[in-house]
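Working notes, structure below.
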Amino acid sequence: MKVFFLSFFLFTLVNIFGQGSKLNFYDSQELEIATTKPIVIKLLNEKGTNAAIWNSCVKKYAEQTFGNDRIYKCLIVKEFRKFAMNKKNRGEYMYLSIYNDLSKPSRTIIYLGFCGYSITSNASFCSVEYEIEKREKFYPVTEADIKFSFLLIKNQLDYALKNNHLSFKEAKADLLKKYELEPKSLNPNAKEIKELTLLIDKNIKGFDEDINFFITNYKYKVELVDKSRIDNAILNNEKGIAFIYNNDKSIYKTEDLTLIYDYLYRPKMGLGVHFYPSAADYNILQQEYLDTLHSAID
């Protein structure tokens, strides 16, 4: 299985806020709604793709991440659609959902959306996407994917609050400023990587050509592993481990799932969180990526 996860980072928010600004909220209300209103959870039909894992642990990680007091209720698909699209709930409720893209069956999206709008119009508001190359199959979401995705979404919102952003538009403007920073200035905690073992999913596309180059030239401890090894480290908050999650070039610690290295080379895709197998510019083992990483660590 070859998985692509491009450009999701915590300290510098990608344009997952872009869709929020297109919804009919005043800018000053967007962030308040997203961070304070009750959250409804969509449950999948029992025989649906990813239903078993999603339905069994979505509430657990939603409560852990967003707080018990914000989780309003879990609804099966039919009830969820009625509730989420009801205009009376606009501005009063948010929701967490998982969306299998029927137009591109290999793509699965986990996202936070506004109630009272079209479900599909929310899918790029605040989301994490996963994709495999085989178009006939949906991405098999794991428990670790759910835990980590919710944390990424929550950290985006916390970042905006911390920086006194009144709207997602302002958060996006702040991101653009980050592109001007040098790797070491952008990543003050990257030096921690020296003491950690870096885990990399051996099935990420691009490793087949350049894996020897990366292993030979990376200065610190690194292991190529099955994705299940990374998943276990995430679920157990394992100490002493860092990981490149799927094909996101950023690096996180499994102990607390904090971002310690954020890679900002995204010249053609603009702002966004997307996963395209044809995006050759994002080969994770490029010399440019390795040089940038080392410059941030050393």
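Read the figures in this text as sums done on the coordinates, not as results from a lab. Nothing here was measured: the structure is a model prediction, and the numbers come from that model. Cβ: placed from backbone, ideal geometry, glycine included. Neighbour counts: every protein chain shown.
List of remarks:
- Estimated FRET transfer efficiency when R0 is 22 angstrom, pair Y220-D158 (beta carbons, to 0.05): 0.15
- Under the simplified labelling scheme, the N203-Q287 pair shows an inter-label distance of 3.2 nm, with each label point 7 Å from Cα along Cα→Cβ.
- Distance violations [Cα-Cα > 23 Å] among K177/K239; K221/K253; K177/K221; K47/K82; K147/K227: K177/K239; K177/K221
- Protection proxy ranking of 42-52, 235-245, 142-152, by the mean of other Cβ atoms within 10 Å over each peptide's residues and highest first, is 142-152, 235-245, 42-52.
- Maximal additional length on extending the K60-T36 stretch stands at 6.8 nm, based on 0.36 nm per residue less the C-alpha distance.
- Formal net charge of residues neighbouring K239 (Cβ-Cβ distance under 13 Å; K, R +1; D, E -1): -4
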